[in-house]
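Undergrad: Take this structure first; my questions come after.
The values are calculated or read from the model by the stated rules, or taken from the named source; none is laboratory data. Since this is a predicted model, take the numbers as computed values, not measurements. With ideal geometry, Cβ positions are generated from the backbone for all residues, glycine too; neighbour counts draw on all protein chains shown. Note: areas computed on protein heavy atoms with side chains; ligands, DNA, RNA excluded. Shrake-Rupley method; radii C 1.70, N 1.55, O 1.52, S 1.80 Å.
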There are 2 protein chains.
Amino acid sequence: MTDDAPPLDGEQLGAYFALMEVGSLLQHAVEQQLRASGDLSWVQFQLLARLADAPRGSRRMTDLADDVVYSRSGLTYQAGLLDKAGLITRQPSTDDERSTTVTITGAGRAVVARVLPGHVDVVRQLLFDPLSRHDLGTLGSVLTRVRDHMRAAPPRSAKPRSRTKPRPE
Amino acid sequence: MTDDAPPLDGEQLGAYFALMEVGSLLQHAVEQQLRASGDLSWVQFQLLARLADAPRGSRRMTDLADDVVYSRSGLTYQAGLLDKAGLITRQPSTDDERSTTVTITGAGRAVVARVLPGHVDVVRQLLFDPLSRHDLGTLGSVLTRVRDHMRAAPPRSAKPRSRTKPRPE
DNA sequence: TATTGTTATACTCTATAACTATA
DNA sequence: TATAGTTATAGAGTATAACAATA
């Protein structure tokens, strides 16, 4: 709550707005492609992609929620859809019976594979076409640094995951 | 539908995912700040910010929709909320009776002013803190180029009808 | 008691299509 | 006819809180 913060200068504002706008436009374009080619939402694609990349195609619910969604009930909802569509399975974890292990199925991998070429196409056309190789390197390195910073320093309000006992009444 | 598209290489994938992740995390953090300090959603803030920046605090509905939202009914919904809250007014345009001119009110500007310091704080902490001046410049220039490219080449499915308008006043 | 996940519920938001009014 | 905007509606998605089961 530092109120004496100096305003962002023009360069910062420009970068900030450009970033948000690019993110929005890209997500929007990609969402349409995913919906058309695989009947997937952006979140669902992200979940499948993370699973496809994970060690044995598996990941715990909470970890997935940490990755892409911001509430566990939201993830339960999405996982329910993916499960019903046969793209993932859910089993109780062997080591911790409280946990649920989510695993991508063959059908899930197939959907990812089917959707990916067009997806990549959209991203390339919108994001990479106007960029030189050098631009790409810089962009990646800068954004990776920012992401790590964001992940390392959760803004304290991002997740009330540990119930802080807010004294009910 | 180019199926023979080469996949994105590792560097491209990394930049793409980092961009989307950074955008999501930043938007999420900012949204919480906006909700807490001014009871605004991200879209509503964007609308008010665009209006506050516009010539006489005014803008046409369609132009606003082009700016931030992707359907005019969606904008009507948001404008209805902002109108009811007294943050904007809507009047028929003087030159074209079909158009509606949206204008930010004093209360609207006040809300923006009240919300802005904390907003800027969040953005600085999350986005700019880990960046050098040089990084910032590069990021801004690259992303601005990308945005212009995206705006210039609508992905053909972004807007069924209304977007075909390269006709200036 | 703390953690994992689900459920019930209420709410926000978005988009499509039909409609009115003006150009 | 084409454009600007609203409305009706329906659906997707999200978060909060209460809940059960396990650690």
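Undergrad: Report yes if some residue within region A:125-140 is farther than 28 Å from B:HIS149 by Cα, part of a helix (DSSP H, G or I) and open to solvent by 40 Å² or more (accessible area, probe 1.4 Å); otherwise report no. Full working, then the answer.
TA: To start, the set of residues in region A:125-140 that are farther than 28 Å from B:HIS149 by Cα comprises none.
No; the residues of region A:125-140 include none that is farther than 28 Å from B:HIS149 by Cα, part of a helix (DSSP H, G or I) and open to solvent by 40 Å² or more (accessible area, probe 1.4 Å).
Undergrad: Do you know which residues across region B:85-100 are of a type in the set (A, V, I, L, M) and assigned to a loop (DSSP other than H, G, I, E, B)? Lay out the reasoning, then the answer.
TA: Going through region B:85-100, the residues of a type in the set (A, V, I, L, M) turn out to be B:85, B:87-88.
Selection gives B:ALA85, B:LEU87.
Undergrad: Which condition number in (1) within 14 Å of DNA strand C (Cβ to nearest atom); (2) in contact with a strand residue (DSSP E or B) (Cβ under 7 Å, 6 or more places away or on another chain); (3) open to solvent by less than 40 Å² (accessible area, probe 1.4 Å) is the one that A:LEU48 fails?
TA: A:LEU48 satisfies all of (1) within 14 Å of DNA strand C (Cβ to nearest atom); (2) in contact with a strand residue (DSSP E or B) (Cβ under 7 Å, 6 or more places away or on another chain); (3) open to solvent by less than 40 Å² (accessible area, probe 1.4 Å) except (1).
Undergrad: Would you please name the residue that is nearest to DNA strand C (Cβ to nearest atom), looking only at residues in region A:102-116 that are away from chain B (no Cβ under 14 Å) and open to solvent by 20 Å² or more (accessible area, probe 1.4 Å)? Give the derivation first.
TA: Just the residues of region A:102-116 that are away from chain B (no Cβ under 14 Å), to begin with: A:102-111.
Within this subset, residues satisfying the condition of being open to solvent by 20 Å² or more (accessible area, probe 1.4 Å) are A:103, A:105-107, A:109-110.
On the way: A:THR103: 12, A:THR105: 16, A:GLY106: 21, A:ALA107: 19, A:ARG109: 21, A:ALA110: 23 Å.
Only one residue tops the list, namely A:THR103.
Undergrad: May I pose another question? Given the options B:SER93, B:SER99, B:SER58, B:SER73, name the one that is of a type in the set (S, T, N, Q), open to solvent by less than 30 Å² (accessible area, probe 1.4 Å) and within 18 Å of the chain's Cα centre (by Cα).
TA: The match here is B:SER58.
Undergrad: Could you tell me whether B:VAL69 is at pLDDT below 95 and closer than 20 Å to A:VAL69 by Cα? Lay out the reasoning, then the answer.
TA: Numbers: at pLDDT below 95: yes; closer than 20 Å to A:VAL69 by Cα: no.
So B:VAL69 fails the test.
Undergrad: Here is a follow-up. Looking only at region B:13-34, how many residues end up being over 17 Å from the mean Cα position of the chain (by Cα) and surrounded by fewer than 20 Cβ atoms within 10 Å (Cβ to Cβ)?
TA: 3
Undergrad: Just to check your reading of the model, which residue among B:ALA65, B:ALA18 is within 14 Å of chain A (Cβ to nearest Cβ), more than 14 Å from DNA strand D (Cβ to nearest atom) and in contact with a helix residue (DSSP H, G or I) (Cβ under 8 Å, 6 or more places away or on another chain)?
TA: After ruling out the rest, the residue left standing is B:ALA18.
Undergrad: Just checking, does region B:71-84 include any residue being under 21 Å from A:GLN33 (Cα atoms), small (Gly, Ala, Ser), within 12 Å of another protein chain (Cβ to nearest Cβ) and not in a helix (DSSP H, G or I)?
TA: Yes, region B:71-84 has at least one match.
Undergrad: If you don't mind, another one. Given the condition in contact (Cβ under 8 Å) with a residue 40 or more places away in the chain and either within 9 Å of DNA strand C (Cβ to nearest atom) or open to solvent by less than 30 Å² (accessible area, probe 1.4 Å) (or both), answer yes or no: does some residue in region B:76-86 qualify?
TA: No: region B:76-86 contains no residue that is in contact (Cβ under 8 Å) with a residue 40 or more places away in the chain and either within 9 Å of DNA strand C (Cβ to nearest atom) or open to solvent by less than 30 Å² (accessible area, probe 1.4 Å) (or both).
Undergrad: Sticking with this structure for a sec: Just to be sure before I move on: is A:LEU127 within 12 Å of chain B (Cβ to nearest Cβ), more than 16 Å from DNA strand D (Cβ to nearest atom) and over 29 Å from B:ARG124 (Cα atoms) in the structure I sent?
TA: no
Undergrad: Still on this structure: Looking only at region A:88-109, decide whether some residue is at positive phi and at pLDDT 95 or above.
TA: no
Undergrad: Within region A:55-73, which residues are within 14 Å of DNA strand C (Cβ to nearest atom), without any contact (Cβ under 8 Å) to a residue 40 or more places away in the chain and within 20 Å of A:VAL111 (Cα to Cα)?
TA: Within region A:55-73, A:LEU64, A:VAL68 qualify.
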